Amino acid sequence: MSDFTRRSLLGSSIAFAAASRASAVAPSDKVRIGLIGCGGISRADTNAFLASPECEVAAICDVDESMIAGTLKRLASLNRPTPVTAKDYRRVVERNDVDLVLVCTPDHWHALPAIDAMRAGKDVYVEKPLATSVLESKAVRDAARETKRIVQMGTHWRSGVHYAEAVEMVRTGKIGKVRQVRCFAYLDWITDCGSPADAPVPPGVDYDLWLGPAPLRPFNKNRFHFNFRWFWDYGGGLMTDWGVHLINLALWAMGPEWPRAVVSSGGKYVLQDNTETPDTQITVFDFPSYTMIWEHQVQCGLGPDRREHAVVFTGSDATLILDQSGWEIVAEPKKRTTVIEMKRRYVAGEQVRAAHARNLLDCMKTRQQPVENLEVGHHVTAVSQLGNVALRSKSRIEWDAQSERVLNNEAANNLLFRPYRSPWKLA
């Protein structure tokens, strides 16, 4: 690990610790947060920012009144000031007392609030994936370029010290020439959620606003909180949910290449519920200098080497295995005399997320780009989305990174964007 990388990441941790000990912040230094989306991930994200004393939540927004009530109760338990509330995200974006917008919505609502916030002069923290399609992700990236706002995507592992160490091992050739990267997630906690009948919209929910640009569908509780990610209208399944986390580590280590071709296979073989995305999927990305494999399964116990998830870099001299708890290097048998086997373990918890938030806060002051800026965020989101484009088009797609189009399948090009329901527009 280079001295610069170590100083940057350890500096973030030190700054985080110092911020946590600070007692008072001048009003002029306050960062006032507008929270859009009060569901599960918003709890972790707001806690990460509130770990820094300059942060306060000025406004919160959700289409579900029960989610707003839960967030108000949580902020009160933390002895935080009561924020203003709204159901429409535009009422948060337009406020003059909001400096930073947190977009913690379902995936199909990431792009528009992020773009509108940037154009309203706000800096943004937007959850992953950046969008629900390649071209929508590109539009968010282009808005960041246009407005020159400071924007961080919420793949917080990018701010973890042990991840950076492993990445540097790969980049500096410690395991030799890497020819294959394998990312996998074997998640036994994903269970069958049944096939409930469509039902009336719950009281206090603005369902039309929740759907937003997505197609008009009857209300079904499986399409709503949390499980929305298993439906094509709102998400991309595990390929873009956990895939963005793990593929992000792979691309961080391997550089800014785009795949030349992608092929994917999978389906619903275990779950019998009314969700749509695959419970089992394998995707192969043909990069110019290496091959990357994505694999996920549900209800299957632990994966290879008794791990739930990992990124495995296969080099000519050794193999590096990286997961949430640490990294290790296993030397190839013929190289054991020249390559030292190493194993280090870390506890990766909420401090990594807080360091990711701290990185954005620091960059808001310096106006430098954060570690998961939208050049990076679009790259990893689009690569992950291409896995689903290949799956849904049932073809090996050939990708032209310069034009950002599929060369050999026009039907696949039609999957690069999901049409918006009127009156919503991506402009």
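The values are calculated or read from the model by the stated rules, or taken from the named source; none is laboratory data. Quick caveat: nothing in here was measured; it's all calculated off a predicted structure. Every residue, glycine as well, gets a Cβ built from its backbone with ideal geometry; the counts of neighbours run over all protein chains shown.
For F285, the conditions (1) out of contact with any Leu (no Cβ under 9 Å at 6 or more places or on another chain); (2) surrounded by 15 or more Cβ atoms within 10 Å (Cβ to Cβ) all hold with the exception of (1).
Based on this model, can you work out whether R217 counts as surrounded by fewer than 22 Cβ atoms within 10 Å (Cβ to Cβ), in a helix (DSSP H, G or I) and modelled with pLDDT of 95 or more?
On the way: surrounded by fewer than 22 Cβ atoms within 10 Å (Cβ to Cβ): yes; in a helix (DSSP H, G or I): no; modelled with pLDDT of 95 or more: yes.
Here the answer is no, as R217 does not meet what is asked.
The set of residues from the range 256-269 being surrounded by fewer than 16 Cβ atoms within 10 Å (Cβ to Cβ), assigned to a loop (DSSP other than H, G, I, E, B) and of a type outside the set (K, R) comprises P256, Y269. The range 27-110 holds helices (runs of 4 or more DSSP H) entirely within its bounds, and those carrying 2 or more residues that are under 23 Å from the mean Cα position of the chain (by Cα) and surrounded by fewer than 20 Cβ atoms within 10 Å (Cβ to Cβ) map to 40-50.
Within the range 376-402, restricting attention to residues that are among the hydroxyl-bearing types (S, T, Y) and surrounded by fewer than 21 Cβ atoms within 10 Å (Cβ to Cβ), the residue that is farthest from M239 (Cα to Cα) is S395. Taken together, the criteria place Q152 among residues that are polar (S, T, N, Q) and buried (at least 22 other Cβ atoms within 10 Å of the Cβ). Counting the residues of the range 369-399 that are closer than 17 Å to T283 by Cα and part of a loop (DSSP other than H, G, I, E, B) gives 3.
The single residue among Y163, Y186 that is assigned to a strand (DSSP E or B) and within 26 Å of the chain's Cα centre (by Cα) turns out to be Y186. Could you please find all residues in the range 135-151 being among the acidic types (D, E) and over 21 Å from R418 (Cα atoms)? If the condition is that a residue be among the acidic types (D, E) and over 21 Å from R418 (Cα atoms), then E146 is the only one that fits.
Name the residue, out of E65, E94, E54, that is within 20 Å of V352 (Cα to Cα) and at pLDDT 95 or above.
Values: E65 fails: within 20 Å of V352 (Cα to Cα); E94 fails: within 20 Å of V352 (Cα to Cα).
Just one listed residue meets the conditions, E54.
Report whether or not W232 is aromatic (F, W, Y), assigned to a loop (DSSP other than H, G, I, E, B) and either surrounded by 15 or more Cβ atoms within 10 Å (Cβ to Cβ) or at pLDDT below 95 (or both). Yes; evaluated as a whole, the condition is true for this residue.
Within the range 128-159, being of a type in the set (D, E, K, R) and touching a strand residue (DSSP E or B) at 6+ places or on another chain (Cβ under 7 Å) holds for K128, R149.
Could you list, in sequence order, the residues of the range 259-307 that are of a type in the set (G, A, S), within 22 Å of N408 (Cα to Cα) and free of Cβ contacts under 8 Å to residues at least 60 places away in the same chain? Spell out how you get there, then give the answer.
Kept after step one, since they are of a type in the set (G, A, S), are these residues of the range 259-307: 261, 264-267, 289, 301, 303.
Remaining after also requiring within 22 Å of N408 (Cα to Cα): 261, 264-266, 289.
Across the range 259-307, the qualifying residue is only S289.
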